[in-house]
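Here is the structure we will look at, set down as structure tokens.
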Amino acid sequence: MSLIYDEYGRPFVILKEQQAKSRVKGLEAVKANIIAAKSISNIVRTSLGPKGMDKILQRVTETDQSVSVTNDGATILRSVMLDNAAAKVLVDIAKVQDDEVGDGTTSVAVFCGELLREAEQLVNARIHPQTIADGWRIATRIARQALLDSSVDNSGDDEKFRQDLFRIARTTLSSKLVTYEKDYFAKLAVDAIMRLKKEGSSDNLNLDLIQILKKPGGQLRDSYLEDGFLLDKSIGVGQPKKVTNANNSFTTYPKLSLPKRVLWQLNMRILMEWNVSLLSRVAML
């Protein structure tokens, strides 16, 4: 420990551990970042594909020490504690992939790790990182053009478009928990998309219109696609479980720029009015 003074004559203490530390610069810093990013890639590498292994994750917080088993790349990467900037960038890339596409997070992490693995050899050969990055940009343009040249647009033919979507969904579900029923769930997903395509433009499908209701229990094949609207509402005390020939009233309101608390109160009021209307109808019966 040493005592020194700044330019204004104010004293401050430098600890011995801080004096021994040094900043990594230049080629050593580049190699350190590459090693950190490759470590993140190696974590999810073994969970890639239909034969990938699951990871056991345990939280280490004081309030939560739960254990979960998963092979989802996004879930695994969100659970990793990081202090390296390059590794955090790799995790952010996987998060963007998950938000934009919804799949391929493990593939993105593994692919970036392989690119950095090859780049490490070029760095050892005294090739500047900017030159390597320029080469990646050129390769990206060439690969994208090759994909565009080999692609086929079947959006005009509903039958071929449905087959393409089915194959894509089936491949995506191969590494998920529902892999043994991937044909069934792929058909459900494709049927939902095709209904949206019939109702609106295929260029701008609003996937938020597809509502997923989760209920515990049952088997995988008990899942189904309902052609209509399902209201997920629990039965209140004293209310009947089944009403025949009931009159339903749905009240809508325009999208207003109101505070969330006001909108919440408005929703609660509509729900209460609907309950009163339903109870009145039951009393009449």
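The values are calculated or read from the model by the stated rules, or taken from the named source; none is laboratory data. Please read these numbers as outputs of a predicted model, since none were measured by experiment. With ideal geometry, Cβ positions are generated from the backbone for all residues, glycine too; neighbour counts draw on all protein chains shown. We work out accessible area using only protein heavy atoms, side chains counted, and drop any ligands, DNA or RNA first. Shrake-Rupley method; radii C 1.70, N 1.55, O 1.52, S 1.80 Å.
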| said: Under 6 Å between Cβ atoms, which residue pairs at least 6 apart in sequence (or on different chains) link something in the range 196-217 that is hydrophobic (A, V, I, L, M, F, W, C) with a partner that is surrounded by 10 or more Cβ atoms within 10 Å (Cβ to Cβ) and at pLDDT below 75? | reply: 196/205
| note | Of (1) assigned to a helix (DSSP H, G or I); (2) open to solvent by 50 Å² or more (accessible area, probe 1.4 Å); (3) within 29 Å of residue 168 (Cα to Cα); (4) of a type in the set (Gly, Ala, Ser), residue 68 satisfies every one except (1)
| message | Please determine whether any residue of the range 138-147 is small (Gly, Ala, Ser), closer than 30 Å to residue 53 by Cβ and at pLDDT 90 or above. | response | yes
| message | Please go through the range 33-75 and give me each residue that is among the acidic types (Asp, Glu) and more than 21 Å from residue 87 (Cβ to Cβ), ordered by number. | response | 54, 62, 64
| Yes or no: residue 102 assigned to a loop (DSSP other than H, G, I, E, B), in contact (Cβ under 8 Å) with a residue 40 or more places away in the chain and closer than 23 Å to residue 176 by Cβ? | no
| Of (1) within 29 Å of residue 40 (Cα to Cα); (2) modelled with pLDDT under 85; (3) touching a Ser or Thr at 6+ places or on another chain (Cβ under 8 Å); (4) open to solvent by 50 Å² or more (accessible area, probe 1.4 Å), residue 202 satisfies all except one. Which? | (1)
| remark: Going through (1) within 22 Å of residue 179 (Cα to Cα); (2) small (Gly, Ala, Ser); (3) in contact (Cβ under 8 Å) with a residue 60 or more places away in the chain one by one, residue 74 fails only at (3)
| message | If I ask for residues that are open to solvent by less than 100 Å² (accessible area, probe 1.4 Å) and at pLDDT 80 or above, which ones from the range 41-53 would you list? | response | 41, 42, 43, 44, 45, 46, 47, 48
| message | So, residue 166, is that one aromatic (Phe, Trp, Tyr), open to solvent by 50 Å² or more (accessible area, probe 1.4 Å) and within 22 Å of the chain's Cα centre (by Cα) or not? | response | yes
| task | Considering only the range 99-136, state which residues are basic (Lys, Arg) and surrounded by 10 or more Cβ atoms within 10 Å (Cβ to Cβ). | result | 117
| task | Return the residue satisfying two criteria in turn: it lies in the range 169-188 and is within 20 Å of the chain's Cα centre (by Cα) and open to solvent by 50 Å² or more (accessible area, probe 1.4 Å), and of such residues it is modelled with the highest pLDDT. | result | 170
| field | Filter result for residue 27 (under 30 Å from residue 124 (Cβ atoms), hydrophobic (A, V, I, L, M, F, W, C), modelled with pLDDT under 80 and surrounded by 12 or more Cβ atoms within 10 Å (Cβ to Cβ)) | value | yes
| request: Please verify whether the range 47-61 includes one or more residues that are over 29 Å from residue 170 (Cα atoms) and not in a loop (DSSP other than H, G, I, E, B). | output: yes
